[in-house]
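Asker: Quick one: the structure is below, and I'll ask about it shortly.
The values are calculated or read from the model by the stated rules, or taken from the named source; none is laboratory data. Remember, it's a predicted structure, so these values are computed and weren't measured experimentally. Positions of Cβ are backbone-derived with ideal geometry, glycine not excepted, and every protein chain shown enters the neighbour counts.
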Amino acid sequence: MYAVIMSGGKQYRVAKGDRVRLERLDADSGSQVEFKDVLLVKTEDRSYIGQPVVQGAVVRGVVEANGKGDKVLVLKYKRKKQYRRTRGHRQDYSEVRIEEISIG
């Protein structure tokens, strides 16, 4: 059984027991989270496809950790003009362990 959820404007395919890195959630480490934007649920015998979301479907998980990803360097350069700029960016994330997929 798996589901496709939407979080932070992105879609993720999750199953029970998976650990997923999502964009930063407003939840502390160890707290429960619910995802109600479930776009698809696939069981062994049936598929539930949302229009746009599956009615009554909920994916529950626990926030394992909050942190920052690896640094990404952004370099701007214009030849012959003595122009160079370097910026770094680290994206915040929340690591979530999926505990349950339910269809209400």
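Asker: Could you pull out the residue among Val41, Val63 that is farther than 18 Å from Gly8 by Cα, hydrophobic (A, V, I, L, M, F, W, C) and under 19 Å from the mean Cα position of the chain (by Cα)?
Answerer: The conditions single out Val41.
Asker: Tell me which strands (runs of 3 or more DSSP E) are completely within segment 1-88 and hold 3 or more residues being out of contact with any Asp or Glu (no Cβ under 8 Å at 6 or more places or on another chain) and free of Cβ contacts under 8 Å to residues at least 60 places away in the same chain, or say none if there are none.
Answerer: Hits in segment 1-88: 10-15, 32-35, 38-42, 47-49, 72-78.
Asker: Oh, and also: Report the residue count in segment 3-31 for those that are touching a Leu at 6+ places or on another chain (Cβ under 8 Å) and either among the hydrophobic types (A, V, I, L, M, F, W, C) or farther than 21 Å from Lys42 by Cα (or both).
Answerer: Looking only at that region, the number is 5.
Asker: From Lys10, Lys42, Lys36, grab the single residue that is modelled with pLDDT of 95 or more, charged (D, E, K, R) and within 14 Å of Ile98 (Cα to Cα).
Answerer: That would be Lys36, the only listed residue that is modelled with pLDDT of 95 or more, charged (D, E, K, R) and within 14 Å of Ile98 (Cα to Cα).
Asker: Go through the residues of segment 21-32 one by one and say whether even a single one is loosely packed, with under 10 Cβ neighbours inside 10 Å, over 16 Å from Glu99 (Cβ atoms) and modelled with pLDDT of 95 or more.
Answerer: The answer is yes, given that some residue of segment 21-32 is loosely packed, with under 10 Cβ neighbours inside 10 Å, over 16 Å from Glu99 (Cβ atoms) and modelled with pLDDT of 95 or more.
Asker: May I ask you to verify whether Tyr48 is hydroxyl-bearing (Ser, Thr, Tyr) and farther than 19 Å from Tyr2 by Cβ?
Answerer: no
Asker: While we're on this one: Go through (1) over 13 Å from Glu95 (Cα atoms); (2) buried (at least 16 other Cβ atoms within 10 Å of the Cβ) one by one and return the number of the condition Ala15 breaks.
Answerer: Tallying (1) over 13 Å from Glu95 (Cα atoms); (2) buried (at least 16 other Cβ atoms within 10 Å of the Cβ), Ala15 fails exactly one: (2).
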